[in-house]
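As structure tokens, the structure follows; a few thoughts come after it.
The values are calculated or read from the model by the stated rules, or taken from the named source; none is laboratory data. The structure displayed is predicted, hence computed values, not measured ones. Virtual Cβ from ideal backbone geometry, glycine too; neighbours counted across all protein chains shown. Side chains are part of the model used for accessible areas, which takes the heavy atoms of the whole protein and leaves out ligands, DNA and RNA. Shrake-Rupley method; radii C 1.70, N 1.55, O 1.52, S 1.80 Å.
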Amino acid sequence: MDIALRLNKEMLVLSGSIEAGLARLDMDVEHDLSIANVLEPETIKTAIAPYVMGGVQCLVANTKGCLQAKLAQNNLDDRSEEVARAAIDIAKSCKPEHIIVELGNCGLPLDSESKNSLNEFKNQYVQAGRLFDSLGNFDAYMLTGLENSTQIKCALMGLRQASDKPVFVSVEVGAQGKLNSKEDIYDYAQILVEFGATVAGIEVHDDLATAEKLIKRLRAGCDLPILVEFYVDGAKDKPYYSADEMKDAALIANKAGAQFLRATGDGRPAHAAVLAGTSAQMPLNIKIGV
């Protein structure tokens, strides 16, 4: 089924961080994350297949670093198609309902006053969009790791120049609803609507009460479907450490009006399985008071 047909229809869960899973398998994710698609496909599959077995509908492929600037750092810029194709093939072999191509922050310096700088940043996402669209066999893009409105605008413009597939965007938001010192969640919401995002996402590091508040603020700022990523720190005294906490997380997110759920950071397949199991029978709660 086309994931676009499920928007605003039912709760869906995304698989967690590939980097965390591979780090637990002793991979050097800083240097080997992308090339591992080609050299160690079984290791990648070992990290992501348990999410599908746990009931996750949306499998995030190992594509976060598939941007020319990132690949060039590891001398892989001439192997972009090989790396990307392998990532999609591995994800497809797990037989998920949906495959999502994640694209991170390309890392290029960005001067909002320089047209050349803006175009260079945007073109990273134009190139990635053209590459993945030519390969096919996936359902949507997801932009992560972007830190301000200029980066988000450039990345969205780039993808929209190359593709008409659904685009998720997710950014880290602090407890006070700030992306950074100058921009808040309402600025973010407006940018997503204006520049063609399909799903509005936030990564929450704070407790469930804060998560609920932030989801409602995002719902007030735009009418896009909402993705909430619960960040698992890995420390026992931090929110979401235990997979069992994902039951309450799913309930709160549903109550606040989110459609898509994800346990990111150090989240494990067990976290995702609880999210999937809890949300499976939940009707989507669209009409809420904000």
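Could you give the length gained on full extension between Leu251 and Ser114, defined as 0.36 nm per residue of separation minus the Cα-Cα distance, in nm?
Details: separation 137, 0.36 × 137 = 49.32 nm, distance 4.51 nm.
So the extension gain works out to 44.8 nm.
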Among DSSP beta bridges lying fully in the chain, give the percent that are antiparallel, nearest 5. 5 percent
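Between Glu10 and Lys178, what's the calculated FRET efficiency when r is the beta-carbon distance and R0 is 35 Å? Round to 0.05.
Computed FRET efficiency for Glu10 and Lys178 comes out at 0.65.
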Pop a pseudo-label 7 angstrom from the Cα along the beta-carbon direction at both Ala23 and Arg130 and give the gap in nm to one decimal. 3.5 nm
When ligands, DNA and RNA are left out and all protein chains stay put, how many square angstrom of accessible area per residue does the range 1-148 have with a 1.4 Å probe? 44 Å²
Accessible area of the range 103-210 with a 1.4 Å probe: how many percent of it is carbon plus sulfur? 43 percent
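How would you classify the range 69-144 from its alpha-carbon gyration tensor, with a ≥ b ≥ c the square roots of the eigenvalues: rounded for a/c under 1.5, else prolate if a/b is greater than b/c, otherwise oblate?
Numbers: a/c = 2.60, a/b = 1.85, b/c = 1.41.
Prolate, since a/c reaches 1.5 and a/b exceeds b/c.
How much length would be gained if the chain were fully extended between Ala72 and Ala209, taking 0.36 nm per residue of separation minus their Cα-Cα distance, in nm to one decimal?
Values: separation 137, 0.36 × 137 = 49.32 nm, distance 4.18 nm.
Answer, rounded to one decimal: 45.1 nm.
At a Förster radius of 30 Å, what calculated FRET efficiency corresponds to the Cβ-Cβ distance of Arg79 and Asp2, to the nearest 0.05? List each step's numbers first, then the result.
Values: r = 30 Å, r/R0 = 1.01.
Plugging the Cβ-Cβ distance into 1/(1 + (r/R0)^6) gives 0.50.
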When all protein chains stay in place, what accessible area (Å², nearest 10, 1.4 Å probe) is found for Lys213? 80 Å²
Row for the range 1-139, column shape: gyration tensor on C-alpha, a ≥ b ≥ c, rounded if a/c < 1.5 i.e. under 1.5, prolate if a/b over b/c, else oblate; value oblate
Determine the relative contact order of the chain: mean sequence separation of Cα pairs under 8 Å and six or more apart, normalised by residue count, in whole percent. 20 percent
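Quick check on the chain: helices-only [θ] at 222 nm, where DSSP H runs of length 4 and up contribute -39,500 (n - 2.57) each and the sum goes over total residues. Nearest 500, please. Present the calculation step by step, with values, prior to reporting the outcome.
Values: 12 runs with 130 residues, N = 290.
My calculation for the chain gives -13500 deg cm²/dmol from helical runs alone.
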